[in-house]
Amino acid sequence: MKKDNKNVINWLLTGCFLIFIMVVIGGITRLTDSGLSISNYRLITGTIPPIGDQEWQEAFDLYKQHPEFHAYNNHFDIEDFKSIYFWEWLHRVIGRSIGLVFIIPFIYFLIRKQLSKSTIKKCIVLLGLGAFQGFLGWYMVKSGLVDMPDVSHYRLAAHLVTAFLTFAATLWVALDLKYPDRKPANKPMRNLVIWGYIILIIQIIYGAFIAGLKAGLLHNHWPLMNESKFMHHTVYVLEPFYKNFIENPSGIQFVHRILAYIVVIFIFMIWKKSKNFSLTPLQKQGVNSLVFLVLLQFTLGVLTLIYQVPLWLGVAHQVGAFFLLTSMTFTLHRFTK
């Protein structure tokens, strides 16, 4: 690893850490129903929260104009409003901070000519992903300010998955710099990990659907969806039929449960397949971490469901998905030239 690369790697990993923090705060924001507390978007002045009683009252009066207040929170006083405002404000401030952490060092490294042409292109893609992520955040919030007091679960999924993929892409670029000399690709293992990666992304999308429709508050039994049924009958209520698996909370939870088993099976297939090859220490670490993290994540998912999504378990389950994707990204990188 070149000396100049070390600073670039540290910059990229700092970005990864901030994205992780943003995902955690985003999970808390969602689970505390704080996401619609700020109904306008001000890029610069929005970084400063209301100061003084008058500004707080103006922010509260603005919140009162939107559906969430009338449908759910018409009992709120100013102190209740401040408690939900805080999480959404913090979430947005971290998002802006990530933008600055990426842009300013990027310009500095460009001026110092510490970035190769390939890395410059990759970093431009990362900056684009970050900007798109910010747009999706506001696009998501906007969906809950019109008629329904809840954001679109499709937009929530797009916002969350883009954050995960932005993190994964940033980590990948950092790994490219940290490990510039890699062995030829292990194609059988690489292809298996790619399929596992795709299934994991689909599972994360369904996790966002669960969150957006609050489907985790239904069918709080395991391994059956109810005490005596594997699939609940309400999975059939929508027409056409396919909508039951993308818009019906019961159907979405059913798919999320099935995908959880599939993810576990796939990762154990990766682990078993790896025994047929002579792996480097880092490849072994990647595969072994997948097994540990998928079992932990599965356990967190079951507990989150059984206990009806308490805040700490809901956040832990989202963090578990983040770590599992991290491990999958690292493992895929180790088997790719």
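3J(HN,Hα) along region 330-337, derived from phi through the Karplus expression 6.51 cos²θ - 1.76 cosθ + 1.60 where θ = phi - 60°, amounts to 4, 5, 4, 4, 5, 9, 10, 7 Hz, with x in place of Gly and Pro. Based on C-alpha pairs under 8 angstrom that are at least 6 apart in sequence, the chain has a relative contact order of 22 percent. The GNM of the chain, with springs linking C-alpha atoms under 10 angstrom apart, assigns the highest mean-square fluctuation among 311, 300, 238 to 238. Applying 0.36 nm per residue to the separation of residue 54 and residue 103 and subtracting their alpha-carbon distance, the gain on full extension is 14.1 nm.
For the pair residue 276 and residue 262, label points projected 7 Å from Cα toward Cβ lie 2.2 nm apart.
For residue 337 and residue 17, compute 0.36 nm times the residue count separating them, minus their Cα-Cα distance, and round to one decimal in nm. That works out to 112.7 nm of additional length. So if we plug the beta-carbon distance of residue 198 and residue 296 into 1/(1 + (r/R0)^6) with R0 = 22 Å, what FRET efficiency do we get, rounded to 0.05? Once the sixth-power term is evaluated, E becomes 0.55.
Among 32, 47, a tally of other beta-carbon atoms within 10 Å of each Cβ gives an order, fewest to most, of 47, 32. With contacts taken as Cα pairs under 8 Å and at least 6 residues apart, region 1-181 reaches a relative contact order of 39 percent. Of 67, 180, 249, the residue with the greatest mean-square motion in the GNM of the chain, using alpha carbon springs below 10 Å, is 180.
The aspartates and glutamates within cross-link reach of residue 113, meaning a Cα-to-Cα straight distance under 13 Å and a gap of 8 or more places when in the same chain, are 4. Annotation note: chymotrypsin sites (Phe, Trp or Tyr not before Pro) in region 168-232 located in DSSP loop regions with a Cβ neighbour count of at most 11 within 10 Å are 230. Rounded to the nearest Hz, the phi-derived 3J(HN,Hα) couplings of region 124-140 under the Karplus curve 6.51 cos²θ - 1.76 cosθ + 1.60 (θ = phi - 60°) are 5, 4, 4, 4, x, 4, x, 5, 5, 4, x, 4, 5, x, 5, 4, 5, where x marks glycine and proline. Counting every alpha-carbon pair across region 1-181, the share separated by more than 23 Å comes to 47%.
Counting 0.36 nm for each residue step from residue 138 to residue 116 and taking away their Cα separation leaves a gain of 4.6 nm. The trypsin sites (Lys or Arg not before Pro) of region 21-84 that meet both conditions, a loop assignment by DSSP and at most 11 other Cβ atoms within 10 Å of the site Cβ, are 42. Distance between the 7 Å Cα→Cβ label points at residue 96 and residue 147: 3.3 nm. Derived scalar couplings between HN and Hα for region 105-122 equal x, 4, 5, 4, 5, 5, 4, 7, 6, 9, 10, 6, 4, 4, 5, 4, 4, 5 Hz in order, rounded to whole Hz, by the Karplus curve 6.51 cos²θ - 1.76 cosθ + 1.60 (θ = phi - 60°), x for Gly and Pro. Would you look at the GNM of the chain, springs on alpha carbons closer than 10 Å, and say which of 60, 323, 241 moves the most? Taking springs between Cα atoms under 10 Å, the residue moving most is 241. For region 28-74 and region 96-135, compute the distance between their C-alpha centroids and round to whole Å. First find each Cα centre; the distance between them is then 31 Å.
We did not get these values from a lab; they are worked out from the coordinates using the rules stated. Predicted model only: the values in this text are computed from it and were never measured. Every residue, glycine as well, gets a Cβ built from its backbone with ideal geometry; the counts of neighbours run over all protein chains shown.
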